[in-house]
Amino acid sequence: MGIVVKDVEMRLIIELIKNSRRSDRELAKKLGTSQPTITRTRSKLEKDKIIREYTMIPDYVKLGFQLMSVTFSKLKKPMSKETLEDIRKTAREMMEKHPAATIITMNGMGLNADRVVIALHADYSEYTEYIRLMKQYPPVVVDELKSFIIDLLDETQFRPLTFSTVANYLLKMSENSKARTQREESLKLLDKEDYQSSMR
């Protein structure tokens, strides 16, 4: 069961997603509350692992990356926790020997795959080396490893990676939730008034 996020916590999360560089004083002014409240709320969100880390989104091209790959792979068979831990250990060791700008590695389903990896690459030759190393993982079915390659130099891309859309979504959902709660409270009040009128 997920953690219930209070209104001030959600508003703070939204503001931090938009810009995590602001001080607690600036955030308090923006949210119309006190600095100690913001500091206490931020600490709670960190303790509850709702805020997992603070980071920024760089310009990948200016850092020397030309490609982003989304690679789907299929494991040969379901694995025990012990086997998965061994695989993670092997992957960490391989990453130490062959560093890669892997953004995400997660399990899932669809497209005849059960794992997806998103990574950045300086060029195509670095990408092909990355795929070669992935194929060395014993549990991966090599014939079913497929990639979608994104050209980061393409200036016509619709929307590069951003979390501002997540912040806008959370804000909209929060506003809708408040409006729904207000409507429900208004209806309860009207029902109460109608009941009182009927008893006179």
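The values are calculated or read from the model by the stated rules, or taken from the named source; none is laboratory data. The structure displayed is predicted, hence computed values, not measured ones. In this analysis, Cβ positions are derived from the backbone assuming ideal geometry, glycine residues included, and neighbour counts consider all displayed protein chains.
Within segment 40-61, work out how many residues are hydroxyl-bearing (Ser, Thr, Tyr) and under 30 Å from residue 119 (Cβ atoms).
Initially, segment 40-61 is screened for residues hydroxyl-bearing (Ser, Thr, Tyr), giving 41, 43, 54-55, 60.
If we keep only those that are under 30 Å from residue 119 (Cβ atoms) too, we end up with 54-55, 60.
Result for segment 40-61: 3.
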Quiz item: Failed condition for residue 144, given (1) more than 23 Å from the chain's Cα centre (by Cα); (2) farther than 12 Å from residue 71 by Cβ, with all others met?
Solution: (2)
Self-check item: Near pairs, Cβ below 7 angstrom, 6+ apart or cross-chain, from segment 109-138 (over 16 Å from residue 153 (Cα atoms)) to any residue that is exposed (fewer than 11 other Cβ atoms within 10 Å of the Cβ) and polar (S, T, N, Q)
Solution: 114/107; 115/107
Practice problem: Determine, yes or no, whether residue 126 is surrounded by 15 or more Cβ atoms within 10 Å (Cβ to Cβ) and either in a helix (DSSP H, G or I) or among the small types (Gly, Ala, Ser) (or both). | Solution: yes
Quiz item: Hey, any hits in segment 75-90 for a residue that's within 30 Å of residue 127 (Cα to Cα), in contact with a strand residue (DSSP E or B) (Cβ under 7 Å, 6 or more places away or on another chain) and outside the structural domain of residue 166 (by TED's automatic domain parsing)?
Solution: yes
Exercise. Evaluate the following for residue 73: is it free of Cβ contacts under 8 Å to residues at least 40 places away in the same chain and either over 21 Å from residue 157 (Cβ atoms) or β-branched (Val, Ile, Thr) (or both)?
Key: no
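With respect to residue 77, determine if the residue is more than 16 Å from the chain's Cα centre (by Cα) and among the charged types (D, E, K, R).
Values: more than 16 Å from the chain's Cα centre (by Cα): yes; among the charged types (D, E, K, R): yes.
Answer is yes for this residue.
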Exercise. Go through segment 1-118 and tell me which helices (runs of 4 or more DSSP H), entirely inside it, have 3 or more residues that are surrounded by 11 or more Cβ atoms within 10 Å (Cβ to Cβ) and modelled with pLDDT of 90 or more.
Key: 7-18, 24-31, 35-47
